[in-house]
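J.: I am attaching a structure below and will ask some questions about it afterwards.
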Amino acid sequence: MRFQVPQFTEIEDKIFGPLTFKQFIYLVGGGGAVFVCYALLPLYLTVFFGIPIALFSLALAFYTINNQPFIKVAENAFRYLTSNKLYLWKKREAKVAPEIIQKTKAAGEAGEKTPMYMPKLTKNKLGDLAWSLDIKEKVSR
């Protein structure tokens, strides 16, 4: 027996013409808020408050940022602004091997140029560096 497997489950159904249910609700809510402003306020205040409300409802309905709906971006921004933030900074001392310190002191006493300390690059450190460069490249796009 064959069963039909649903596909494109991430795509919402268009219920009201070219609009999804969420888009329709956002537009009706924004239109209703603008109408209430029009009914209760003078015309100059209606324009002052109505245009931002209309733009916000249009952004909720149609605007996406990095393939994320605007409502999710607005929610994350609100949570970030209202949450507690804790910034920690801990200074780390560079670990230098004792034999390098002795070579540097000996070269300084002999009047020679001091040798430059170069840390060894292991495979794990190289992988971490490549990964961080990939992440920064994706963020900058």
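Since every read-out is calculated from the coordinates, none of them should be taken as a lab result. Please read these numbers as outputs of a predicted model, since none were measured by experiment. All Cβ positions, even for glycine, are placed from backbone atoms using ideal geometry, and neighbour counts span all protein chains on display.
J.: As a footprinting exposure proxy, order Ile71, Ile15 by other Cβ within 10 Å, with the fewest listed first. Please list the in-between numbers first.
T.: Numbers: Ile71 14, Ile15 11.
If I rank by nearby Cβ atoms, fewest first, I get Ile15, Ile71.
J.: Now a separate question. Counting just the Cα atoms, what span does segment 14-65 cover along each of its three principal axes? Round to the nearest Å and put the largest first.
T.: 37, 23, 11
J.: Can you list the residues, at least 5 places off or on another chain, whose amide H is less than 5 Å from the amide H of Thr20, using H built in the peptide plane?
T.: Excluding prolines and chain starts, which carry no amide H, the hits are Ile15.
J.: If you don't mind, another one. So for each of 80-93, 16-29 I average, over its residues, the number of other beta carbons within 10 Å; can you give me the resulting order with the highest mean first?
T.: Answer by packing, highest mean first, reads 16-29, 80-93.
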